[in-house]
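Take a look at the structure set out below.
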Amino acid sequence: MPLLQYVYVLVLCLLSTAALAASPAGVVAVSHPAAAAAGARMLAEGGNAIDAAAAVQFALNVVEPQSSGIGGGGFMMVYLAKTGETVIVDSRERAPAQASADMFAPDGLPIPFALASTSGLAVGVPGTLRGVDLALRRWGTKKLSSTLAPAIELAEHGFRVNRFLAEDIRLDSGRTQLQPETAAIFRPGGVPLAEGDWLVQTDLAKTFKQIAAKGPDAFYQGALARAIVQAQQRARSELGAAGRGRMSLADLAHYQPALRAPLIGHYRGWTLAGMPPPSSGGLTVMQMLGMLEPYPLGDSAQGYGFGSPQTLHLMIEAMRLAFADRAVWIGDDDTVPVPRLGLLHREYLATRAALIQPGQRMNTALAGDPTPWDKTAIPEKPARLPAESPHTTHFSIIDRWGNVVSYTSTIEATWGSGITVPGYGFLLNNELTDFNFLPVTDSAADGANDVAPGKRPRSSMAPMMLFKDGRFVAAYGSPGGATIINSVLNVTLNLIDHGMTMQQAIAAPRLSVTHAAGKVSCEGGQDFMRPGLGIAAQDTLRQLGHVGLGDAGTQGCLGSIGSVQAVTIEPASGAAHGAADPRREGTVIRVGP
Ligand code: GLU
């Protein structure tokens, strides 16, 4: 990150930290300054966190179009200060009614991921607009049209392309080049937009204006719906008709978001509200915390503490065990029951933690059987690991009344399917690639994450909230495919075990393992990532048998993992703060005293 930009983020963070006001203020933390400004504008105009979240989401569709938008879906966690309730709006994309378990493997062999994920077959029925609209109608104070206003202005008048958007266009694996409408926006005249270029999106402005005038039905029915259905019939020529999407007008017309109760967990006296299925986010983070709780991870006198090999070893092994369970047991439990109680049962987790050896890497990390600890017995299922992509976006908002939104939103891969709806200027997701490509279906049970009509693909998104003594303390989350789960774990441990502030917890280097096989990725290459994960600690991990860190004596922690945006309440003063991630253009804006 250029120094100036980092200083900018820091100054904003310091500003928000310095302004420890007695009277409450609102704070937005978003991965792009223009989208943060859209949310701040809602707060400044008297809106609440839900209004601001709607404006941020629409603005992100304009300024971070590669990551989220109305062509995608997401999970919005809302804390309502008045009632103390935490609720989730699940706007996850759904498989069309014509979807089938074998659609990604019609001849018994999986279609190559790169082809499937850039064909209409991968497009799920988008949920973001219905989800935002539902949240606004339930808890917002502003009209949908008012929350669209900043996005319309940004799309119509334009904005300056930042380094991250320019990089994503440049390193697009072809995704902005496959479809003419996408290329026309991001590679005008065949030249990729560069940092500093001005981007106007006339079609998108027109789409948002139609939605502002007529409401979400303008998207889910009529001409726009027909254009979506037509667009997802595009397929990579290599796949022919098998690559075409199966979405119908009826699928769009019938799409409804779900309201869900959060998954509640506990860790060292703190209460966590996490994302339940169809995401694996909450369950997997809480499983890892449950396995780690017996160890004094924060105590450097006992050889633990941040970045110590002992701490890192335990984190890696807990990740491997939790990801092994995730692969087998977790999917959309509106369709296939997930043994949630068993997966989080203290005794079950003790059996899992007992597999961790202090001085040696486990050879294999297999899924366990949580069903004896669950109310309903579930037949055992073999594991399948779908490929996942590293993009999406997370933002967090608190308003002056103490309402909070923690929202992770996506079109799946960076650039989604790469298909822009002709004439409407937004990208369609490729979320259905989060399903198993090869079905696990057998006579005993459907695979938890096999494709089925109307089903939601398993997600990793993990918007999280933290409470102490019944009071809200923090909201956070991250993009990053399966690494989301580990970014949220790292931040949680940094806050609770290592006593960091939220900004420190975000900046600190992260470690991630997303498969039971256990290839470690970790960070440390950038200046702000402090305290570092030292080469000596990495060497100890290598000696314990951990893989993915490269040669002994070298810096093996060079990755960049996630992008966390957070808001917090200081328990003593009640003051609100924001913290944002320098890994993207993370921005905190404080509104009010
Ligand atoms: N499809 C991903 C999921 O739901 C989106 C998250 C991401 O790629 O960052 O887990």
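The values are calculated or read from the model by the stated rules, or taken from the named source; none is laboratory data. For clarity, every value in this text was computed on a predicted model and none was experimentally measured. Glycine also receives a Cβ, built like all others from the backbone with ideal geometry; neighbour counts cover every protein chain displayed. Heads up: the accessible areas ignore ligands, DNA and RNA and are worked out on the full protein's heavy atoms, side chains in. Shrake-Rupley method; radii C 1.70, N 1.55, O 1.52, S 1.80 Å.
Within the range 300-310, being buried (at least 17 other Cβ atoms within 10 Å of the Cβ) and either within 16 Å of the ligand (Cβ to nearest atom) or not in a loop (DSSP other than H, G, I, E, B) (or both) holds for Pro309, Gln310. Could you please let me know if Phe426 is surrounded by 24 or more Cβ atoms within 10 Å (Cβ to Cβ), among the aromatic types (Phe, Trp, Tyr) and within 16 Å of the ligand (Cβ to nearest atom)? For Phe426, the condition - surrounded by 24 or more Cβ atoms within 10 Å (Cβ to Cβ), among the aromatic types (Phe, Trp, Tyr) and within 16 Å of the ligand (Cβ to nearest atom) - is not met.
Checking the range 471-491 against the condition returns a match, with at least one residue being within 15 Å of the ligand (Cβ to nearest atom), among the β-branched types (Val, Ile, Thr), over 21 Å from Val30 (Cβ atoms) and in contact with a Ser or Thr (Cβ under 7 Å, 6 or more places away or on another chain).
None of Leu297, Leu249, Leu314 is within 25 Å of Gly416 (Cα to Cα) and more than 16 Å from the ligand (Cβ to nearest atom) except Leu249. The numbered conditions (1) open to solvent by less than 20 Å² (accessible area, probe 1.4 Å); (2) away from the ligand (no atom under 16 Å from the Cβ) are all true for Pro276 except (2).
Does the range 566-585 include one or more residues that are at pLDDT 95 or above and assigned to a helix (DSSP H, G or I)? No; the residues of the range 566-585 include none that is at pLDDT 95 or above and assigned to a helix (DSSP H, G or I). Residues of the range 341-379 that are modelled with pLDDT of 95 or more and of a type in the set (Phe, Trp, Tyr): Tyr348 alone. The set of residues in the range 90-120 that are more than 30 Å from Pro276 (Cβ to Cβ), surrounded by fewer than 16 Cβ atoms within 10 Å (Cβ to Cβ) and in contact with a helix residue (DSSP H, G or I) (Cβ under 8 Å, 6 or more places away or on another chain) contains only Pro106. Summed over the range 507-532, the residues that are in contact with a helix residue (DSSP H, G or I) (Cβ under 7 Å, 6 or more places away or on another chain) and crowded, with 19+ Cβ neighbours inside 10 Å give a count of 10.
On inspection, Phe467 qualifies as more than 9 Å from the ligand (Cβ to nearest atom), open to solvent by 10 Å² or more (accessible area, probe 1.4 Å) and in contact with a strand residue (DSSP E or B) (Cβ under 7 Å, 6 or more places away or on another chain). So which residues in the range 494-506 are surrounded by fewer than 24 Cβ atoms within 10 Å (Cβ to Cβ) and either in a loop (DSSP other than H, G, I, E, B) or within 17 Å of the chain's Cα centre (by Cα) (or both)? Within the range 494-506, Asp497, His498, Gly499, Met500, Thr501 qualify.
Residues that are outside any strand (DSSP E or B), in contact with a Phe, Trp or Tyr (Cβ under 6 Å, 6 or more places away or on another chain) and away from the ligand (no atom under 12 Å from the Cβ) within the range 60-97 comprise Val63, Gly69, Ile70, Gly71, Ala81, listed in sequence order.
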